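Visitor: Below is one structure. I have some questions about it.
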Amino acid sequence: MPWFVWLLAAGVLGVAEFFTLTLVFGLLAGAALVAAVVAGVGIGLLGQLVALAAAAAAGLVIVRPIALRQMAQQPMTREGSDALIGKRAEVMQEVTATRGLIKLSGEEWSARTLDESLVIPVGALVDVMEIEGATAIVYPRELLP
């Protein structure tokens, strides 16, 4: 019944991973599953320990760095209001540091300038620099480098 002990260890390590989210305990749980399979086939304790060590080393040295690198990357697509950052818009009502109106992606948005000293006239093209709530923070297109 050594395979049952390895399954129990895998379960405990899986629960530990659930609470820590470090990817270490999860990979060790996978290694314990490999040892359970080896034990189920009938290989002795030494073979089980070698299988555990090999699977744990492969997981921690190869799989974990790749997974962490993938999780650290920003998503390729932006969603919601974040997708509007960097878009071009047209001024519908003069935009100042406190108020204004632009046409952005076919919709009218309240807007204000990024630089508080600027006043952007009607008809000017602007770039959306940020979105704060329902207000677009814009900068005139002709002043960009």
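The values are calculated or read from the model by the stated rules, or taken from the named source; none is laboratory data. None of these values were measured; they are calculated from a predicted model. As a convention, Cβ positions derive from the backbone with ideal geometry for all residues, glycine included, and neighbour counts pool all protein chains shown. Please note that ligands, DNA and RNA were not included when accessible areas were found on the heavy atoms of the full protein model with its side chains. Shrake-Rupley method; radii C 1.70, N 1.55, O 1.52, S 1.80 Å.
Visitor: Among the listed residues 50, 95, 91, 63, which satisfies the condition of being surrounded by fewer than 16 Cβ atoms within 10 Å (Cβ to Cβ) and more than 20 Å from the chain's Cα centre (by Cα)? Walk me through how you get there before you give the answer.
Guide: Values: 95 fails: surrounded by fewer than 16 Cβ atoms within 10 Å (Cβ to Cβ); 91 fails: surrounded by fewer than 16 Cβ atoms within 10 Å (Cβ to Cβ); 63 fails: more than 20 Å from the chain's Cα centre (by Cα).
Criteria check complete, one pass: 50.
Visitor: Tell me which residues, restricted to the range 13-47, are closer than 29 Å to residue 71 by Cα, touching a residue at least 12 places away in the same chain (Cβ under 8 Å) and open to solvent by 60 Å² or more (accessible area, probe 1.4 Å).
Guide: Within the range 13-47, 25, 33, 34 meet the criteria.
Visitor: While we're on this one: Just to be sure I understand, how many residues within the range 136-145 are open to solvent by 40 Å² or more (accessible area, probe 1.4 Å) and either part of a strand (DSSP E or B) or in contact with a strand residue (DSSP E or B) (Cβ under 9 Å, 6 or more places away or on another chain) (or both)?
Guide: Quick first cut of the range 136-145, residues open to solvent by 40 Å² or more (accessible area, probe 1.4 Å) only: 139, 141-145.
Subset that is either part of a strand (DSSP E or B) or in contact with a strand residue (DSSP E or B) (Cβ under 9 Å, 6 or more places away or on another chain) (or both): 139, 141-142, 144.
Counting residues in the range 136-145 that are open to solvent by 40 Å² or more (accessible area, probe 1.4 Å) and either part of a strand (DSSP E or B) or in contact with a strand residue (DSSP E or B) (Cβ under 9 Å, 6 or more places away or on another chain) (or both) gives 4.
Visitor: Please count how many residues of the range 100-129 are surrounded by fewer than 16 Cβ atoms within 10 Å (Cβ to Cβ) and under 12 Å from residue 87 (Cα atoms).
Guide: Count: 5.
Yes/no per residue for (1) under 30 Å from residue 127 (Cβ atoms); (2) out of contact with any His (no Cβ under 9 Å at 6 or more places or on another chain); (3) at pLDDT 95 or above:
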| position | (1), (2), (3) |
| --- | --- |
| 17 | no, yes, no |
| 35 | no, yes, yes |
| 73 | yes, yes, no |
| 104 | yes, yes, no |
